[in-house]
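Read the figures in this text as sums done on the coordinates, not as results from a lab. The shown structure was predicted, so the numbers you read here are calculated from the model rather than taken from an experiment. When we count neighbours, we look across all protein chains shown, and the Cβ atoms used for this are built from the backbone with ideal geometry, even at glycine.
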Amino acid sequence: MGNTPRTLFTVFVATLLLAPLAARLMAEPTLKPGAPAPLLQISEWTEARLKPGDPAPKLIATEWIHGGPVTEFSKGKAYLLYFWAAPLWTCVDDIPQLNALYQKFKDKGLMVIGQNVNDKIPGNDQAKVKTLVAKMAERMTYPVAMDNVNKSRETMMDTWMSAAGQNCLPCAFLVAKDGRIAWIGNPGEVTGNKMTYPVGLEKKIEELLAGTFNVPKAASEFLADQQIERKNHLKDVAEGLLGNESLSGQALETAYELAFKANEGEFNNNVHRAGHLAVLARATFMKGEKGKAITLQEKVIALMADAKPNKEDGKFTAEQKSILENYKAGHLPAMSPQKQVITLRIGDLAPKLNCGEWIQGAPVTEFSKDKAYLIEFWATWCGPCVAGIPHLNAVHLKYKDKGLVVVGQNIEGKNQKPVKAFVTKMADRMTYPVALDHLDHLDHLDHLDHLDHLDHLDPSGVGAMNKTWLDAAGINSIPTAFLVGKDGRIVWIGHPNDLTDEIIEEVLAGKFDHSKSPTANPTTLEIPTEKK
């Protein structure tokens, strides 16, 4: 069920941004020598035109490829309109659970509609959607529609998602029996540090069918979220402008004003607020108000301390302190860390198996020439990883006697204690070899409570396999699997659910074409865990 970003203070919302937020629009006319550079044109924030409580827009889907058509809302029914795209794992993995909701509530007055918007994902063919829907069979029994590919306006995407200010998939709309929008949002639900998928909608649906759903409350929460998005937009614009260290004059004043506005009102949590305040500190410093900038940066550090970071946050806190020292010394700190350098690609020799303890199955210490290997990186706290274990186990059972070795490489982090109990509990649902990551380089840090001053060490709990495989390949989400051929070279990287029998069989037969291998590195959206 999607991928989980391996990032601190985030939970795992496996969504794909359909279009990046337009932080600023830059015209680049030809300038005469000595002419002043043109000011950057700042794009305006567009408030959502559609919110809970408003009449639902018309259903103007172009083609109904399964069930339907549903052309209008019946007063005696409630509707769950689910926007999705076939290339997205999160969307496809949601389908069986959406179908379960449909089967449970269809006789009680709920209609589920799967509104596909494949054409909004660059390079994706709508024809593949029909094949997928047919393949899903009894796991996708609700009506499915296609959006209009021949229009840029007056489409379902335009009149629903864009009108509601939604730019991420999957996205769901609940429509009440009176034909009005009751709720808008991601069908997943945050519980602690985990993400549960459409099952989180069940309570909302029950209340909607009973006529007890609190639409005004949903509208208030939706508008509050929109204001958070607006502030994020202003911060992004300001941050983009401030990346120019020579920014001055009206452009600098504009950046400062945007950064100031981005700090008004409520925030999700202290981490969210600290990020915005750090941009204001930079703008303040660039304006020449160094004393105020230092004070603001000190507040950033205080906010991070209030968030009670564990050892994994020491590196980030040290970075904040380094920024503060730069401000005090009168230097402008670097805007952002350097881009990650990818050193491991498809076709490269697979790195060594520098695993830690093998908690299930025989240890695999090297690659045999007569076998292929599927190394999957996972963690018990990763919902999509846990959901995918039965599928990976099925692959193991199907191909273990044909030369494929499946390895579950856990990357739990510093606290690896829960893993053994988890694997034992899985029993016959997880029969392939499982290894912990190699964390020996961290053992001597156990007695330390604070790691802020240990900049030369890595206190994150990131082990050897994590570093030499995932990080080297530029992968920042799990589950992710690496398929290694009999020649010891990586032939495929991606989400394990996307690995087909055809690819495995071609690799085992020594006939797989490396050049046709896609490298999966999905775009993910991160949200803070401590939402108020």
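Side notes on the structure shown:
- Extension gain for residue 58-residue 506 works out to 156.5 nm (0.36 nm per residue, less the C-alpha to C-alpha distance).
- Take the Cα of residue 513, step 7 Å toward its Cβ, do the same at residue 368, and the gap between the two points is 3.1 nm.
- Pairs of lysines in region 216-336 whose Cα atoms sit within less than 18 Å of one another amount to 19, provided the residues are eight or more positions apart or on different chains.
- For the pair residue 71 and residue 212, a Förster radius of 35 Å applied to the C-beta separation gives a FRET efficiency near 0.80, rounded to the nearest 0.05.
- Net charge contributed by nearby residues that have their C-beta within less than 10 Å of residue 403 (K/R +1, D/E -1): +2
- Extension gain, residue 342 to residue 135, is 70.9 nm, computed as 0.36 nm per intervening residue step minus the present C-alpha separation.
- Extension gain (nm, one decimal) between residue 431 and residue 104, 0.36 nm per residue minus Cα-Cα: 114.5 nm
- Fraction in percent of alpha-carbon pairs per bin - 5 Å, region 216-336: 2, 12, 21, 21, 19, 13, 7, 4, 2, 0, 0
- Label-point separation in nm, residue 302 to residue 329, each point 7 Å along Cα→Cβ: 2.5
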